[in-house]
Amino acid sequence: MNLVSYYYFVETAKDLHFTNTAKRLFISQQNLSLHIQKLEQYYGVDLFNRKPKLTLTYAGEKLLETAEKILAENATIINQLAEISEKGVGVLRIGIPAYRAQVCLPLILPIFYQKWPNINIQLTETQSANMEEMVAEGQLDVFIGIKNADDSPLEVTPLLNDHTYLVVSDTLLHKYYGNTAEDLKQEAQYGADLKLFSKLPFMLVKPPNRLRKTTDECFNVAGYKPNVFIESTNTELLISLYPKDFAAFFVTEMRLPLLKGVLNDSHCFPLKSSEKLVQHRLVIAHRNEKYLTQYVKDFIQISIEVLMNFEKDRRFEGSEVEL
């Protein structure tokens with residue numbers, strides 16, 4: 001059976017929508033459907049329920065488990081054989097949240113590609129917890145993301161500590177705090193305890209989400225339930241609404257440089273809870289016992305060096321950021 005058919009099947013199982021998958025893979029819907037039909041004919045089963053909406057059948061769920069393993073093993077074989085190849089051709093499967101990729105990869109990849117110009121990079125952009133599982137199962141070579149505990153079979157290297165910031169406009173502060181707004185800004189400059197901001201409305205990312213879990217814990221310590229203006233799974237939506245002065249919201253320190261031009265007339269206070277600044281550990285991780293090609297090892301080492309230097313150069317450490 002053609003590996004391309006397995007690949008198209010796995011990708012369709014992610015979207016459960018033929019049209020969206022075909023567009024994402026830059027192929028025709030007819031071509032995609034033909035590959036799925038070939039698989040169904042080969043195995044003699046229906047892989048998808050077509051109505052009332054596209055869902056995996058029980059047989060489809062079973063094939064998905066196997067197809068993912070087949071594709072992962074094939075990528076591993078390609079990588080191992082690339083060690084032998086004089087051209088240094090191979091595949092590097094990286095997991096990293098989308099906005100972190102915007103910051104990290106422009107720093108890492110130019111150095112990496114000077115040494116490995118023929119490596120094809122496959123990106124997976126999802127939550128850190130999902131990528132950790134994908135690395136453990138061999139579906140990714142490495143992931144860059146948040147991991148605070150050393151409780152997995154992965155080889156984990158810390159890169160930097162990423163603080164959480166409360167973002168609020170000057171207009172909003174004066175609307176809710178009047179003449180005391182200036183005193184509040186001074187008090188929160190080196191650490192914003194949410195007890196001081198209970199009057200504000202907030203825009204929050206919907207759970208489950210690591211940032212939401214963090215802010216919920218801070219609200220709990222502060223002793224109140226926030227006045228929630230809006231919740232969304234789409235952080236970009238919250239960012240687009242922010243200039244309208246509806247509410248305050250929270251971002252990670254790494255996202256702040258991406259928001260210049262959006263956060264005009266704003267204050268970005270480092271979040272504090274129980275007298276400590278709130279932060280998470282950004283790491284790079286790979287499966288401990290997995291064979292690593294030289295280019296994977298080099299990518300890991302370059303990432304460590306580049307992001308440790310990035311940490312040293314950041315100007316946002318532990319104080320209010322003016323953007």
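All of the numbers you see were taken from the coordinates with simple rules; none came from a lab. Quick caveat, the model's predicted, so the values are computed rather than measured. Neighbour counts run over all protein chains shown; Cβ positions are idealised from the backbone, glycine included.
A few points about this structure:
- Rounded if a/c under 1.5, otherwise prolate or oblate - the stretch 264-308, Cα gyration tensor axes: prolate
- For the stretch 3-20, putting each phi into the Karplus relation 6.51 cos²θ - 1.76 cosθ + 1.60 with θ = phi - 60° gives couplings of 5, 4, 5, 4, 4, 5, 5, 4, 5, 5, 5, 6, 8, 6, 7, 4, 5, 5 Hz, in residue order, rounded to whole numbers and with x for Gly and Pro.
- The stretch 51-118: C-alpha gyration tensor shape, a/c 1.5 cut-off, then a/b vs b/c: oblate
- Put simply, the convex hull of the Cα atoms in the stretch 114-200 casts, on average, a shadow of 9.8 nm².
- As a rough footprinting exposure proxy, the listed residues 168, 135 were ranked by other beta carbons within 10 Å of their own, and the order from fewest upward is 135, 168.
- Of the peptides 115-121, 96-102, 24-30, 138-144, the ranking by mean beta-carbon count within 10 Å, highest at the top, reads 138-144, 96-102, 115-121, 24-30.
- Over the Cα atoms of the stretch 159-293, the radius of gyration divided by the Kirkwood radius equals 1.02; this is the Rg/Rh ratio.
- Rounded to the nearest 500, the helix-only mean residue ellipticity at 222 nm of the chain stands at -14000 deg cm²/dmol, with each DSSP H run of n ≥ 4 adding -39,500 (n - 2.57).
- Share antiparallel - DSSP beta bridges, the stretch 162-279, percent rounded to 5: 60 percent
- For the chain, the equivalent ellipsoid derived from the alpha-carbon gyration tensor has semi-axes of 42, 25, 17 Å in decreasing order.
- Straightening the chain between residue 77 and residue 301 buys 78.4 nm, computed as 0.36 nm per residue apart minus the Cα-Cα spacing.
- Here residue 115 is the anchor, and the lysines within straight C-alpha reach of less than 21 Å, apart from those fewer than 8 places off in the same chain, are 87, 297.
- Counting DSSP beta bridges with both ends in the chain, the antiparallel % (nearest 5): 65 percent
- 10 Å binning of all Cα-Cα separations within the stretch 1-82, expressed as whole percents from 0 upward: 18, 51, 26, 5, 0
- Qualifying chymotrypsin sites (Phe, Trp or Tyr not before Pro) for the stretch 162-223 [loop in DSSP, other Cβ within 10 Å: at most 12]: none
- Loop-resident sites, the stretch 1-101, for GluC sites (Glu not before Pro), counting at most 13 other Cβ within 10 Å (DSSP): 83, 86
- Given 147/272; 147/276; 185/213; 14/312, the pairs whose alpha carbons are separated by over 27 Å: 14/312
- The loop-placed trypsin sites (Lys or Arg not before Pro) in the stretch 48-77, going by DSSP, that have at most 13 neighbouring Cβ atoms within 10 Å of their Cβ come out as 50, 53.
- Among 243-254, 300-311, the peptide with the highest mean count of other Cβ atoms within 10 Å heads the list, and the full ranking is 243-254, 300-311.
- Prolate/oblate/rounded label for the stretch 233-276 (Cα gyration tensor, a/c 1.5): prolate
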